[in-house]
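Trainee: Dumping the structure here so I can ask a few things about it.
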Amino acid sequence: MEDIKSLEIPGRICLMGDKVDLLGKPVIAMAINLMMRLNYTARSDDIIELYSHDTKEKIKFNLGDSPPRDNDLGYWSVLYERLKEKITHGFVLEVKSDIPIGVGLSTSAAISVGFLRTMSKAFSFNLSNNEIAELAYLGENHDLGIQCGRMDQYSIAHGGITFIHTNENPRVEQLDISYLPIVVGDSIEERKAVLVLNRIKRQIREGDSLTLNAFKIIEDCVNQGKQALLKSDFKKFGMYMDIQQEQEIILETATEKILKLCKAAKNAGAYGAKQMGAGGGGCMLAIAPGKQEEVARAIEKAGGRAWVFEIFKYEY
């Protein structure tokens, strides 16, 4: 048994391909240096305590029991259920996050991956990054019934900038990129991602030609965007960001506030700008070599909250 004091897990942003993982298509994601911290303490008895400093949610139960899942720590409850036959003693696990909840920077995947990385080390499960990512996906999608693809879990489990094949045989390509001049803006509005996702999934099931055609164009942006990134061709990558955003408008997933922030970023010198995640509010992303501070100020002047993030890579 390894004694763990603390563990840090990154948030993530989607550089290209938002929502196409619903069809198992590839995406490009980036783990960011905005962190969630988990603190673990082993107990000598059979009591398990889970606590979130951010939501003040607390769960206490006995080893082998089934913890409640209809709460803010339900992500941990369902994953514990999957692992409980191998967990041999009680523990206390706490989480505190700098990643804001509900803006599209993937706190849900971070808290799931964090739990699994902690349990793997504490109980010597020796789970691989792919095993951690897939378990996190199954907990969120299958057990909790959340309409998500595989991008978030695989991005956060692997770190860095990743080209992720999100079909039923997931595969991750770690892109050799050490610098990316991006700015993220939060629209600071009520996010309606669930409504948007449910509508988009319904349109996919119904074979809606407009939706499927938009997804094909976005998929092409992902493949072309990968090549642009590997060549550090930020101008071309920005062009593909703009093309994806045109499809988001066609899909009616963009809000007026998001479009305002994208326009402000472009006017301040960004090569390209696009929304992130499902849509219906949340965050947008701009690529702006040499202009990151100017673009961040423009986003805030337009009524958003801006961050300049760096690529997060795990140290092994």
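Any read-out appearing in this document is the output of simple, stated calculations on the displayed coordinates, not a laboratory observation. Model, not experiment: these values are computed from the prediction. Please note: Cβ atoms are built from the backbone with ideal geometry, for glycine as well, and neighbour counts cover all protein chains shown.
Trainee: Give me the base-10 log of I(q)/I(0) for segment 154-242 at each q in 0.17, 0.19 Å⁻¹, Debye formula, one uniform scatterer per Cα, rounded to two decimals.
Mentor: Per q value, in the given order, log10 I(q)/I(0) is -1.05, -1.21.
Trainee: Let me ask another. In whole angstrom, note down how far apart the Cα centers of segment 1-72 and segment 200-278 are.
Mentor: Using only Cα atoms, the two centres lie 29 Å from each other.
Trainee: Follow-up question, since we're still on this one. For Glu294 and Lys56, calculate 0.36 nm times their separation in residues minus their Cα-Cα distance, and state this gained length in nm to one decimal.
Mentor: The Glu294-Lys56 span can extend by a further 82.0 nm.
Trainee: While we're here: What are the residues whose amide H is under 5 Å from the amide H of Tyr314, where those residues sit 5 or more places off or on another chain and H is modelled from the backbone?
Mentor: Gly160
Trainee: May I pose another question? Mark the label point 7 Å from the Cα of Ile204 along Cα→Cβ and return the residues of segment 273-293 whose backbone N is within less than 12 Å of it.
Mentor: So the set is 278.
Trainee: Here is a further query. Could you tell me which of rounded, prolate or oblate describes segment 6-175, using a ≥ b ≥ c as the square roots of the eigenvalues of the alpha-carbon gyration tensor, with rounded for a/c under 1.5 and, failing that, prolate when a/b is larger than b/c and oblate otherwise?
Mentor: It comes out prolate by the Cα gyration axes.
Trainee: Also, I was wondering about something else. What's the angle, to the nearest 10 degrees (0 to 90), between helix 107-122's Cα axis and the longest principal axis of the chain?
Mentor: 40 degrees
Trainee: Compute the signed sum of charges (Lys and Arg +1, Asp and Glu -1) over the other residues within less than 11 Å, Cβ to Cβ, of Gln244.
Mentor: Net of charged neighbours comes to -4.
Trainee: Using only the alpha-carbon atoms, how far is helix 129-138 inclined from the longest principal axis of the chain? Give it as 0 to 90 degrees, nearest 10.
Mentor: For 129-138 against the chain, the angle is about 90 degrees.
Trainee: Just to be sure I understand the model, the point goes 7 Å from the Cα along the line to the Cβ. What's the resulting Asn126 to Ser178 distance in nm?
Mentor: Rounded to a tenth, the inter-label distance reads 3.2 nm.
Trainee: In the structure displayed, which of Lys226/Lys274; Lys201/Lys231; Lys25/Lys291 lie more than 25 Å apart, Cα to Cα?
Mentor: Lys201/Lys231; Lys25/Lys291
Trainee: Can you give the calculated 222 nm mean residue ellipticity of the chain, where each DSSP H run of n ≥ 4 adds -39,500 (n - 2.57) and the sum is split over every residue, rounded to the nearest 500 deg cm²/dmol?
Mentor: Result for the chain, helices only: -12000 deg cm²/dmol.
Trainee: Could you work out the longest stretch of the chain that avoids the trypsin sites (Lys or Arg not before Pro) located in DSSP loops with at most 13 other Cβ atoms within 10 Å?
Mentor: In short, 57-230.
Trainee: Just subtract the alpha-carbon distance of Leu23 and Lys301 from 0.36 nm times their residue separation and send over the number in nm, one decimal.
Mentor: This chain segment gains 96.4 nm when fully extended.
Trainee: In nm, to one decimal, how far is the modelled label at Asn267 from the one at Ile47, with both set 7 Å along Cα→Cβ?
Mentor: 5.8 nm
Trainee: Moving on. In Å, what Kirkwood hydrodynamic radius results for the chain from the alpha-carbon pair distances?
Mentor: Kirkwood hydrodynamic radius for the chain: 19.9 Å.
Trainee: P(r) tail for segment 182-307, what percent of Cα pairs lie past 27 Å?
Mentor: The answer is 18 percent, as a whole percent.
Trainee: Could you give the dipole magnitude of segment 6-175 about its Cα centre, charging the beta-carbon of Lys and Arg +1 and that of Asp and Glu -1, in debye to the nearest 20?
Mentor: 240 debye
Trainee: A further question follows. Given axes a ≥ b ≥ c from the Cα gyration tensor, I'd like to know whether segment 258-306 is rounded (a/c under 1.5), prolate (a/b larger than b/c) or oblate.
Mentor: The shape class here is prolate.
Trainee: What percent antiparallel are the DSSP beta bridges of the chain, to the nearest 5?
Mentor: Rounded to the nearest five, the antiparallel share is 90 percent.
Trainee: Through the Karplus equation 6.51 cos²θ - 1.76 cosθ + 1.60, θ set to phi - 60°, convert the phi angles of segment 63-77 into ³J(HN,Hα) values in whole Hz; use x for Gly and Pro.
Mentor: Once rounded to whole Hz, the list reads 3, x, 6, 9, x, x, 10, 8, 7, 5, 9, x, 4, 6, 4.
Trainee: Calculate how steeply helix 234-250 sits against the longest principal axis of the alpha-carbon atoms of the chain, using the helix alpha-carbon long axis, and give the answer as 0 to 90 degrees to the nearest 10.
Mentor: Helix 234-250 sits at roughly 80 degrees to that axis.
Trainee: At q = 0.16, 0.18, 0.32 Å⁻¹, what base-10 log of I(q)/I(0) does the Debye formula yield for segment 23-71 when every alpha carbon is treated as an equal point scatterer in vacuo?
Mentor: -0.71, -0.79, -1.33
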